[in-house]
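Peer 1: Sharing a structure with you now.
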């Protein structure tokens with residue numbers, strides 16, 4: 001199973017998470033988002049970029065509770081809420097946004 | 001003869017057994033969790049220091065780096081080798097006895 | 001999937017004292033990584049969690065780990081994420097640190113250093129102790 005982008009093949013697992021985090025590009029994010037039925041806006045990018053920064057620092061994808069808290073700390077209470085994040089990523093901010101960000105499935109998400 | 005040890009000296013007595021039974025003058029290579037034995041300033045340091053006079057002691061560099069031990073923290077008398085160096089030692093000093 | 005919804009793990013106010021006791025060095029075996037993952041997962045249950053590092057477990061927190069040469073994931077930065085998971089009680093046994101020539105300054109996170117005697121008391125107060 002793989003995404004095709006500009007002649008390149010990027011492997012993913014049965015749920016669509018890419019297998020090699022280093023193969024991620026912003027163009028690929030757009031393709032994954034499309035598969036998820038998401039039209040990427042600046043607000044979506046803000047969360048996706050935040051997740052990538054979080055992963056770089058801690059080497060894990062955060063659980064949603066932790067993500068909400070961390071976003072609240074950085075962008076304020078309006079964005080740091082379940083409601084805001086679920087509006088952007090209806091199937092779950094941690095899972096859907098992590099997939100678009102090229103990260104593994106959040107730890108603790110079975 | 002060459003001996004390899006891969007267990008932490010603080011968790012298993014493998015290094016002690018190796019030092020008791022390995023013939024003096026042979027080569028001993030520490031890798032994986034055994035590299036902790038090569039770090040200076042621990043309760044294993046005196047053992048390794050004393051043994052380094054009787055054996056040719058080596059430690060695997062990539063395993064040191066993974067565990068946050070720098071080369072200048074390695075006990076005097078223990079030589080750091082990379083994977084290529086490991087292979088060279090086996091070629092030159094084999095057969096190998098692996099103490100697991 | 002359940003952790004997508006806050007409150008799913010609501011244990012109706014019953015908060016137990018959980019302690020994870022880490023005794024293994026990080027890369028030679030899988031115990032350290034598995035234990036860390038268990039801590040992160042259990043954080044969703046919002047219990048009174050603490051993590052103790054004793055014996056070779058103190059090596060999990062050693063600064064300066066670089067695993068590029070052994071082709072394994074360096075998970076030492078993940079211990080710094082524990083605070084965000086509300087796991088803030090990290091204890092290290094003094095005797096274990098000293099035997100390995102380490103001090104608090106050698107560790108990637110802020111911890112409370114306890115003597116064996118103090119840690120023994122703390123362990124005895126727990127409802128659940130998970131050792132790896």
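We did not get these values from a lab; they are worked out from the coordinates using the rules stated. All values reported here derive from a predicted model rather than from experimental measurement. Note that each Cβ is placed from the backbone with ideal geometry, even for glycine, and that neighbours are counted across all protein chains shown.
Peer 1: Assuming R0 = 56 Å, can you tell me the calculated FRET efficiency for the pair residue C:41 and residue B:21, based on Cβ-Cβ distance, to the nearest 0.05?
Peer 2: Given R0 = 56 Å and the Cβ-Cβ separation, E is 0.80.
Peer 1: Could you line up A:1, A:40, B:2, C:72 from fewest to most neighbouring Cβ atoms inside 10 Å? Walk me through the numbers on the way to the answer.
Peer 2: Working: A:1 9, A:40 17, B:2 21, C:72 12.
Final ranking by Cβ density, sparse to dense: A:1, C:72, A:40, B:2.
Peer 1: Please compute one quarter of the surface area of the Cα convex hull for chain C and express it in square nanometres.
Peer 2: 8.6
Peer 1: Rg to Rh for the protein assembly as shown: what is it, with Cα atoms only and Rh by Kirkwood?
Peer 2: Values: Rg = 23.4 Å, Rh = 22.4 Å.
Across the protein assembly as shown, the Cα-based Rg/Rh ratio is 1.05.
Peer 1: In deg cm²/dmol, rounded to 500, what helix-only [θ] at 222 nm does chain B give when every DSSP H run of at least 4 residues adds -39500 (n - 2.57) and the total is split over its residues? Could you put the intermediate results ahead of the total?
Peer 2: Numbers: 4 runs with 32 residues, N = 100.
The helix contribution divided over chain B gives -8500 deg cm²/dmol.
Peer 1: Once the principal axes of the Cα atoms of the stretch A:18-99 are found, what is the range along each, listed largest first in whole angstroms?
Peer 2: Taking the Cα atoms of the stretch A:18-99, the three principal extents are 32, 27, 19 Å.
Peer 1: Take B:14, B:96 and order them by how many other Cβ atoms sit within 10 Å, fewest up front.
Peer 2: Details: B:14 18, B:96 13.
The order, fewest Cβ neighbours first, is B:96, B:14.
Peer 1: Between residue A:91 and residue A:3, what FRET efficiency comes out of the Förster formula 1/(1 + (r/R0)^6) with R0 = 22 Å and r the beta carbon distance, rounded to 0.05? Intermediate values should be presented prior to the final figure.
Peer 2: Working: r = 18 Å, r/R0 = 0.82.
For R0 = 22 Å, the calculated efficiency reads 0.75.
Peer 1: What does the convex hull of the alpha-carbon atoms of the stretch B:2-99 project to on average, in nm²?
Peer 2: On the way: hull surface 21.4 nm².
That works out to 5.3 nm².
Peer 1: As a footprinting exposure proxy, order C:80, A:65, B:20 by other Cβ within 10 Å, with the fewest listed first. Working shown, then result.
Peer 2: Details: C:80 15, A:65 23, B:20 8.
Listed from fewest to most nearby Cβ atoms, that is B:20, C:80, A:65.
Peer 1: 7 Å from Cα along Cα→Cβ at both residue A:105 and residue C:74: what's the point-to-point distance in nm?
Peer 2: 2.8
Peer 1: Calculated from DSSP H runs of 4 or more alone, at -39500 (n - 2.57) each and per residue, what is the 222 nm mean residue ellipticity of chain C, nearest 500?
Peer 2: Numbers: 3 runs with 27 residues, N = 132.
So the calculated ellipticity at 222 nm is -6000 deg cm²/dmol.
Peer 1: Efficiency by 1/(1 + (r/R0)^6): what FRET value for residue A:31 and residue C:48, r their Cβ-Cβ distance, R0 = 51 Å, to the nearest 0.05? Can you show the working numbers first?
Peer 2: Working: r = 44 Å, r/R0 = 0.86.
After rounding, the FRET efficiency stands at 0.70.
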